[in-house]
Amino acid sequence: MNELDKEEITRVGPGTLMGNFMRQYWIPALKSTELIADAPPTRLKLFNEKLIAFRDSSGRPGIFNHECPHRCASLFLGRNEKDGLRCIYHGWKFDVNGQCLDMPNVSPNPNIQSKIKAKAYKVLERSGVIWVYLGESKTPPLFPEIEATLLPESELVVDFMLRKCNWLQALDGEIDTSHIGFLHWGCLDAQDIPEGHPLEHIKDAIPQYHVCETEWGTHYSAYRFINGEKEIYWRSANFLYPFWTQTPQGEFASNVNARAWVPLDDENTMFIYFRWTKRPNYQIPLKNGLAPGGNKPMPEYIDNSTDWLGRWRLKADASNDWLIDRYAQSSGLIFSGIDNIHLQDQAVTESMGAIANQLNEHLVSADLMIAKTRKVILKAARDFRDHGKTPPGLEHPEVFMGARSGYFITPPTITWGQAYKDQVQTAIRPKLDNK
Ligand code: FES
Ligand SMILES: [Fe+2]
């Protein structure tokens, strides 16, 4: 990347290339459970815009720019009253669509009142998540058909976690397959993995890669010839516009996941992980009775605060060196010394600094997917800005349904195109909640 590329792909605030581009899509913003009817509003930040979210007495969610349209006092301080939010400064009240319902400090004038609106954004709620459309168009795009996000709430797990760094380095880490055998499972030797185990083949640390642009974004399949070259072991993953990934977390046929990397501002990103509960999870082989990637199934959260960036923060961060255990590291218990796979990713990407300096990188063949993905994102965003071209996937949200991740094994003669097509066609499809 050159300096212009770096600047344009990392900045996400109002008026920036990436900020404007990503605002064209539906954005997962909060868990439904974060908003309680008639409870005080919640602060949130998206694309460096300060917002508030609340749920009215009828259960409808609303997301506004936080400034009151009268004299800009923060509506975070507002009173969530009967079906509307009332500013505490002069008492103006707004419904979830931003329409002013009451202006008690002036003589009643329906003509003026009907024209006053808080800057409210379009919101929809599905699968236990509140989504927002921050674009300018009167008609928001169709909902993206990303399989994991369409699952009924009863079959879905959704986790939010704040990552304190720029969105791009967080996303890069997701499509960087060659770190798995080091950062996560560096202590695992080939003989530790039982024969027939799905991870048996990943100890070959130098796979070959098939990387390509697709209708939904980009795709890679890392592949290794196995069993005396009688078969190929593939591990496939995707980037989906504008900030989604799918990682190979199990067998391809039943692996339904989607991972959003939503920029809150230039230096903070919300990770939102949607996954199907019925996906069979493979067990990581134990070494000395311990899981080599760490033993904690989930990182520990600290309590939410009311700050703009106060939601879904993890206890381990730069201030405590991500709780690295040097004994675990040097004794070979955990290669990284950091106990939890997610935290390991969190540590390396946050350790790059708030915005990594990609100008200092030396990309190699193992980074092909990262290089390709950055290139297609920049091209799509510039095509939108410079030529008014509709961002990918908005007119045809069904293209996202072609994206799946996971591992599979094929005969050695089959090409990637055919292998992937066959897998997608025979994949197990959960019943979706296509409202
Ligand atoms: S600033 Fe909100 S009512 Fe005056
Ligand atoms: Fe990782």
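Every number here is computed from the coordinates shown, using simple stated rules; none is lab data. Since this is a predicted model, take the numbers as computed values, not measurements. Cβ coordinates were reconstructed from backbone atoms using ideal geometry, including for glycine residues, and neighbour counts include every protein chain displayed.
If you wrap the Cα atoms of region 99-183 in a convex hull and average its projected area over all directions, you get 10.4 nm². Across the chain, Cα pairs under 8 Å and at least six residues apart give a relative contact order of 20 percent.
From the cross-link list LYS6/LYS119; LYS31/LYS296; LYS82/LYS122; LYS164/LYS296; LYS31/LYS82, which pairs have alpha carbons spaced over 27 Å apart? Cα-Cα > 27 Å for LYS6/LYS119; rest within. Listing THR149, THR415, THR177 from fewest to most neighbouring C-beta atoms within 10 Å gives THR415, THR177, THR149.
Given their separation in residues at 0.36 nm each and the Cα-Cα distance between them, LYS296 and GLU213 gain 26.3 nm when the chain is fully extended.
I want the local charge near ALA347. Using Cβ-Cβ distances under 13 Å, sum +1 for each Lys or Arg and -1 for each Asp or Glu among the other residues. Its environment carries a net charge of -3. Site pair ASN2 and LYS138 shows an inter-label distance of 4.1 nm when each label is modelled 7 Å from Cα along Cα→Cβ. For the chain, what log10 I(q)/I(0) values come out of the Debye formula at q = 0.12 1/Å, with one point per alpha carbon and no solvent? Summing over Cα pairs of the chain leads to -1.04.
Sparse packing (at most 15 other Cβ atoms within 10 Å of the Cβ) combined with a DSSP loop state is found for the following trypsin sites (Lys or Arg not before Pro) in region 297-384: LYS315. Label zone (LEU124, point 7 Å along Cα-to-C-beta; backbone nitrogen cut-off 16 Å) within region 393-407: 393-401. Each other residue within a Cβ distance under 11 Å of ASN80 adds +1 if Lys or Arg and -1 if Asp or Glu, for a net charge of +1.
Which residues in region 42-84 place their backbone N less than 18 Å from a point set 7 Å from the Cα of ILE116 along the Cα-to-Cβ direction? Answer for this model: 64-84. For TYR301, the residues 5 or more places off, or on other chains, whose built amide H falls under 5 Å of its own are LYS315. Residues of region 172-208 with amide nitrogen under 20 Å from the 7 Å Cα-to-Cβ point of VAL157? It comes to 174, 184-185, 198-199, nothing else.
Using R0 = 30 Å, the C-beta based FRET efficiency linking GLU200 and GLN329 works out to 0.75.
Quarter the surface of the alpha carbon convex hull of region 26-139 and you get the mean projected area, 7.0 square nanometres. Result for the chain in a Gaussian network model with C-alpha springs under 10 Å: among LEU142, LEU134, LEU35, the largest mean-square fluctuation is at LEU142. At full extension, ALA73 and HIS90 could sit 5.2 nm farther apart than now, given 0.36 nm per residue minus the alpha carbon distance. The label-point distance for VAL376 and GLU229, in a model that sets each label 7 Å from Cα toward Cβ, rounds to 3.1 nm. The convex hull defined by the C-alpha atoms of region 292-414 has an orientation-averaged projected area of 13.6 nm².
All other residues whose Cβ lies under 11 angstrom from that of HIS66 are scored, Lys and Arg at +1 and Asp and Glu at -1, for a net of +2.
If you plug the beta carbon distance of ASN360 and LYS278 into 1/(1 + (r/R0)^6) with R0 = 41 Å, you get a FRET efficiency near 0.40.
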